[in-house]
1. Pairing the Cα long axis of helix 72-84 with the longest principal axis of the chain, what angle in degrees results, from 0 to 90 and rounded to the nearest 10?
2. Report the FRET efficiency, 1/(1 + (r/R0)^6), for E396 and D210, where r is their Cβ-Cβ distance and R0 is 56 Å, rounded to 0.05.
3. Please work out how much length the chain gains when fully extended from I19 to F318, using 0.36 nm per residue of separation minus the C-alpha to C-alpha distance, in nm with one decimal.
4. Output the relative contact order of the chain, whole-number percent, from Cα pairs under 8 angstrom with separation of 6+ residues.
5. Can you find, among P87, H298, S118, the residue farthest towards the positive end of the dipole of the chain? Put +1 on the C-beta of Lys and Arg, -1 on that of Asp and Glu.
6. Which of the residue pairs K7/K29; K7/K348; K68/K252; K255/K381 have a Cα-Cα distance greater than 32 Å in the structure shown?
7. For the range 233-370, what relative contact order do you get, as a whole percent, if you take Cα pairs closer than 8 Å and at least 6 residues apart?
8. Pop the C-beta distance of S275 and K418 into the FRET formula with R0 = 56 Å and round what comes out to the nearest 0.05.
Amino acid sequence: MSELIKKAYEIAKEQYAAIGVDTDAAIAKMKDVNISLHCWQTDDVGGFETADGELSGGIQATGNYPGKATTIEQMRADLEKVLSLLPGKQRLNLHAIYGDFQGEKVDRNEIEVKHFQSWIDWCKAQGIGMDFNATCFSHERAADGFTLSSKNEENRKFWVEHVKRCRAISAEIGKQLGTPCVHNTWIPDGSKDVPVDRNGYRALLKKSLDEAMETEYPKEQMKDAVESKLFGIGVESMTVGSHDFYLGYAIKNNKLICLDNGHFHPTEQVGDKISSVLQFVDEVLLHVTRPVRWDSDHVVTLNEDVQLIASEIIRNDFLDRVNIGLDFFDASINRIGAYVTGTRAAMKAFLIAALEPTKDLVAAEEAGKNFERLAMLEELKTMPFGAVWDYYCLQEGVPTGMDYIGEIQQYEKDVLLKR
């Protein structure tokens, strides 16, 4: 099979060379594509604080496929399997509810680096970086739908302290691993029915963020990101942390704006937003997902929305200003299969973008040759990208084509179904 892949690649290489594209250079470009893998795909966003890991705050995973990770050991085994099936070097994205609490009840305003040290050590052993998230949902102090914007001062202070601690933990993660840890803040705050005092809640959110982010950490250790949302289940009438709010906050305070392509109106494209916001902020964080019906967080597939995101980043040489993460969870199918399929789909989008003759397309565009531009973009869709992808996987020592399906089926038989 490897010889067939090499032969197919040589043919593809010639075809791409005919339109001025160096396939070897495109593959080399992929070393700069580091995707932060969201740990919550392995356990349906349950975490390790309680035995049941019950969700609230507009978060919902559907399905009951067997094999869910219920311990840190199981999650790490699943993550190692995922990493073994992906080309390139990725990262881990961890929520605060996934601490190594050793059976101890640790509330979120009490978490410390020690509760995540074993995760840092695990990432170090894997040779990967790590990102982090405050968990401002699925907690009794978020039961009324408000956290950082709560008018209950005791609750607001609780969540401010949680974010403070998460930022400190993130800085230590980055320091120990030698690569900046992106800390993301998303809150579920909002109103089911039409509120009167929108301004009051947003003033409180701004106050809380200012308090939580008062301590500055070196950028080489941690970076702050803030994430907006159009609306959430149970908060349909008003979301406190809207895109307008967080974009303004990010610009004013030099923070990353997190763009989740499931958090906008279905006709909006995050790919279109990237070049806009990067005129005003230094970096962005992406949460790549597939919103079948708005923010439904389906497994990423190689669709036009994801392709536009990847193309905008590669066309404009934005890889050093864009932090790429995934955010989906599907409990209705094999969770590891969902993980690997979704991540490989995102990676394929970046390789396709790297195989584009961008200079020729821009030249046609600037010359007003819009028919030629359209025709070239259409013809690129049937270029032999698959041969280049398989060769890239072969070089990286991971399964090519559909071979990873069998590996995951075997892992299910040997590991998942025995849980």
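1. 20
2. Working: r = 44 Å, r/R0 = 0.79.
That pair, E396 with D210, gives E of 0.80.
3. Working: separation 299, 0.36 × 299 = 107.64 nm, distance 2.34 nm.
My answer for the length gained is 105.3 nm.
4. Relative contact order comes out at 20 percent.
5. Towards the positive end, the residue furthest out is S118.
6. Over 32 Å apart, Cα to Cα: K68/K252; K255/K381.
7. Numbers: 176 pairs, mean separation 30.1, N = 138.
Here the relative contact order equals 22 percent.
8. Computed FRET efficiency for S275 and K418 comes out at 0.70.
Here, each number is a calculation from the coordinates, and none is a lab measurement. None of these values were measured; they are calculated from a predicted model. Note that each Cβ is placed from the backbone with ideal geometry, even for glycine, and that neighbours are counted across all protein chains shown.
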